[in-house]
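Data block below; observations after.
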Amino acid sequence: MKPSAVRVRRPWEQPVWRPAPGQSATFVFLILVHLLAVVGLLLYPLPSLPVASVAVLLAVLGGLGTTVAYHRCLAHRTLRLHPVVEHGLIFWALFNASGSPASWVAFHRLHHARSDTPEDISSPRHGGFWWAHLRWLYQVPPADAQKWCPELCRPVYRFWSRSQAPVVAASLLCGLLLGWQGFFWIGAIRLLYSLHMQCLVNSLTHLADSPEGDASRNIWWLGPFQLAAWGENWHRNHHAAAGSARMGWHWWQVDIGWYFIRGLEWLGLATHVKRPQRGLPASLTTSASL
């Protein structure tokens, strides 16, 4: 008799408490930031105006860093940024705990290459909502940057990978300059907010009723909650034309990241900006929307 085939366990079938090799630090960070945010909300349900202003400002800068630098510039190469602007935005994305540029881009390119298949590391179709929303962050081994984004393995980008731990620690602790209320709201609560607003792009915007193939969808009401990352909610548009720096294709599809890019372009700080091709099917921006 032939020995029975050994069934390979999918990552989402692992116990929820078990991080993948090399992801223990991510797991600890996620637990820590959730616990601190809950404590902060219990102790200080409403922040003062100065504390709230700083928290919102840092969330906005982090959102711009992620959507403009990480996503549109580095991952999809839909524009080129002046080096000072590019690395400034990388710092704010890192300060927002979005991960190093090489790691973020490697995971994202893998996601697009395997979108909503069992090999997609962040699709809810097979692993479910919470897998796509949070669990994959610590239950998938680090992406192979040398394979998916070799251009980001240069020393200038490796610097940010080495700087990740101290930058995130500074982000978590910097609010202490405004007291304990600042510690919680500018640190853990801001980071938790930014984390879940980004994670909703992986989970909620990939729940279209599609039995196979790409399950991305546009969700108009998600945009206002994402602050500077407003535009990522037009996710069906993005998957239909990933080579475009613009995600909101119509005047009524607000895209803060695109407006920021247009401002940089006007100042000469962004070049080679790619637009969506004309004549794309209207169904991509209407029937897949919620």
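Summary of values
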item: Which numbered condition residue 99 misses (of (1) open to solvent by 40 Å² or more (accessible area, probe 1.4 Å); (2) under 30 Å from residue 261 (Cβ atoms); (3) in a loop (DSSP other than H, G, I, E, B)); result: (1)
item: Close pairs (7 angstrom Cβ cut-off, 6 or more residues apart or separate chains): without any contact (Cβ under 8 Å) to a residue 40 or more places away in the chain in the range 132-146, open to solvent by 20 Å² or more (accessible area, probe 1.4 Å) and of a type outside the set (S, T, N, Q) anywhere; result: 146/153
item: Single unsatisfied condition, residue 205 versus (1) under 18 Å from residue 93 (Cβ atoms); (2) open to solvent by less than 20 Å² (accessible area, probe 1.4 Å); (3) touching a helix residue (DSSP H, G or I) at 6+ places or on another chain (Cβ under 7 Å); result: (1)
item: Residue match in the range 255-274 (condition: in contact with a Phe, Trp or Tyr (Cβ under 8 Å, 6 or more places away or on another chain) and surrounded by fewer than 20 Cβ atoms within 10 Å (Cβ to Cβ)); result: no
item: So residue 173, is it farther than 17 Å from residue 114 by Cβ, free of Cβ contacts under 8 Å to residues at least 24 places away in the same chain and open to solvent by 50 Å² or more (accessible area, probe 1.4 Å); result: yes
item: Residue, most open to solvent (accessible area, probe 1.4 Å), within the range 130-149, restricted to residues that are among the hydrophobic types (A, V, I, L, M, F, W, C) and in a loop (DSSP other than H, G, I, E, B); result: 143
item: Leading residue by the ranking (farthest from residue 14 (Cα to Cα)) among those in the range 102-129 that are of a type in the set (D, E, K, R) and in a helix (DSSP H, G or I); result: 109
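The values are calculated or read from the model by the stated rules, or taken from the named source; none is laboratory data. The model shown is predicted, which means the values in this text are computed figures rather than measured ones. For neighbour counting, all protein chains shown are included, and Cβ atoms are generated from backbone atoms with ideal geometry for every residue, glycine included. Accessible surface areas use protein heavy atoms only, side chains included; no ligands, DNA or RNA. Shrake-Rupley method; radii C 1.70, N 1.55, O 1.52, S 1.80 Å.
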